[in-house]
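Below you'll find the structure, written out as structure tokens, and then a few comments.
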Amino acid sequence: MRILVTVLTLALSFCWSLRAAHSQTAAPVRRVTLDELVDRAKKSDRVEAARDKLRGAEARRDLVRAMWIPQLEITATGGPGPEITCLPSPEMCTSTNVKSVYRIGDQPTFRIDGTVTMPLYTFGKLSHGSDAADEGLAAAQASVEASRADVALEVARVYYGLKLAREILIMLEEGRGHVTVEIDRIERELDKGKTNVSEYDRYRMRSLLTEIDARRSETQRSVADALVAIRALCGDDAIDIDDAPLAELPAVALGTGAEAREMGRDKRPEHRAVNAGVKAQEHLATIEELRWLPDIVLRLGGTVARDPGADVPFNAYYNNQLNVTGVWAVIAMHWTLDGTRPGRVREQNAELDHARTSERLVGLGLGWEAQSAWNAAQDARRRLDAVRAGDAAAHSWVVAVLQNTELGTAEPRDLNEALQAYFIMHARLYSAMYDWNVGLHAFARATGRDWRELLPKQ
């Protein structure tokens, strides 16, 4: 049965791993609406995973924006230093008592070197890097939006699926009551020896009762599974959906299939994400080409070194590395050039071409997905309008047969046929309502809109 398979598939896709451990709780059940379910589900781990990526993109953006901040490097060393004496004196230091200043001694010595590097002009590398990081952040934000929209659509499917299963269950319960009453009547007539009924009539009605019980069991399982799915999505075992009956959403203007394809390509967050990825890749390819040019930087440095065991010559031309205090400042041009540079440029350009091709393929897929959602919604609406009349006729048939049964002018097979026809048409009506409601949500998702935007203005 298509209805039951749909509900069961949705339930298993969300919570198969949780179903075995699920048990009814004694806590009072809180009934929530579809909007409340969506709000709860948007806080689920599935959306949280996308938000984690968003936080990573924000961190990368902040990292790139901080690259203009001067970089400080400090190196501090210490240890035993040599004892060096100027001969004949520090004022007339023509020689020393050692041949190398690198001789290890027993005097405590230290040296601190510091360098500050600040980029002055990078020929656009920093600005393109910042732009690439911004586009990466935009792609991550669009991915979060897409995850939220996916969760909202899945919640709508399970929400309406649970309502559908419960409506079918009510219908089966109602039909079972009519069948059991008819079986009791047939058995009383047979016990009285009347010839207006036969054993075939009893067998026929009991077969229908067995079929109803089998369908009822399947539907009860679907209700239980869908309820578990709702609770798993929201992370709350004490909630249930509102008890309002399944009702169709209003008819809306869906536009044309071509319009749906265009909106699917242009308005979906997935398309914005892949478009931002292309722009980020363009900036990265530009950066790789700009690496042929140098970085112009300002460098400031200072050194402090002390060795109490070494004399300090009184001569500006002596280079005393063990006792020195000094600062310096230069403007430098920095290149990093090697044989891999041409290959790196080609690699980034290939990545850019791949990103652009992926953008076209994603746009094509999103367009046809929107067309498919449009087709499904159109079909659901046509079926709903067509089945409604048949359902009313089947219901009138059942009522007429029940009235004739009370008058004694109807045969048992009449009720059997009328109930089966009613079951089929009423189930189709609920199925069409479910398909229309979910189809409208799916169409809005496929065209990058909130489903409420499609409803007629009050």
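The values are calculated or read from the model by the stated rules, or taken from the named source; none is laboratory data. Because the structure is a prediction, the values reported are computed rather than measured. Cβ placement follows ideal geometry from the backbone for every residue including glycine, while neighbour counts extend to all protein chains displayed. Note: areas computed on protein heavy atoms with side chains; ligands, DNA, RNA excluded. Shrake-Rupley method; radii C 1.70, N 1.55, O 1.52, S 1.80 Å.
Brief remarks on what is shown
- Residue match in segment 70-85 (condition: farther than 30 Å from residue 420 by Cβ and of a type in the set (D, E, K, R)): yes
- Among the candidates 269, 313, 294, residue that is open to solvent by less than 30 Å² (accessible area, probe 1.4 Å) and within 30 Å of residue 439 (Cβ to Cβ): 269
- The residue of segment 239-253 that is surrounded by the most Cβ atoms within 10 Å (Cβ to Cβ), among those that are of a type in the set (D, E, K, R) and in a loop (DSSP other than H, G, I, E, B), is 248.
- For beta carbons closer than 8 Å, sequence separation of 6+ or different chains, a first residue in segment 211-227 that is closer than 17 Å to residue 237 by Cα and in a helix (DSSP H, G or I) and a second that is open to solvent by 50 Å² or more (accessible area, probe 1.4 Å) and at pLDDT 85 or above, the qualifying pairs are 223/166.
Residues are listed down the side, and each one gets a yes or a no for (1) farther than 30 Å from residue 72 by Cβ; (2) touching a residue at least 12 places away in the same chain (Cβ under 8 Å); (3) among the polar types (S, T, N, Q):
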{"position": "301", "(1), (2), (3)": "no, yes, no"}
{"position": "306", "(1), (2), (3)": "no, yes, no"}
{"position": "329", "(1), (2), (3)": "no, yes, no"}
{"position": "341", "(1), (2), (3)": "no, yes, no"}
{"position": "344", "(1), (2), (3)": "no, yes, no"}
{"position": "350", "(1), (2), (3)": "yes, no, no"}
{"position": "353", "(1), (2), (3)": "yes, no, no"}
{"position": "360", "(1), (2), (3)": "yes, no, no"}
{"position": "377", "(1), (2), (3)": "yes, yes, no"}
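- When 213, 236, 225, 240 are screened for being of a type outside the set (A, V, I, L, M) and touching a Cys at 6+ places or on another chain (Cβ under 9 Å), only 225 passes.
- Within segment 318-374, restricting attention to residues that are over 30 Å from residue 90 (Cα atoms) and hydroxyl-bearing (Ser, Thr, Tyr), the residue that is least open to solvent (accessible area, probe 1.4 Å) is 358.
- Close pairs from segment 446-458: first farther than 26 Å from residue 362 by Cα, partner surrounded by fewer than 18 Cβ atoms within 10 Å (Cβ to Cβ), Cβ under 7 Å, at least 6 apart: 455/250; 455/252; 456/250; 456/252
- Residue 381 being assigned to a helix (DSSP H, G or I) and either among the polar types (S, T, N, Q) or touching a residue at least 24 places away in the same chain (Cβ under 8 Å) (or both): yes
- Boolean, residue 288 is in contact (Cβ under 8 Å) with a residue 60 or more places away in the chain and either open to solvent by 20 Å² or more (accessible area, probe 1.4 Å) or part of a loop (DSSP other than H, G, I, E, B) (or both): yes
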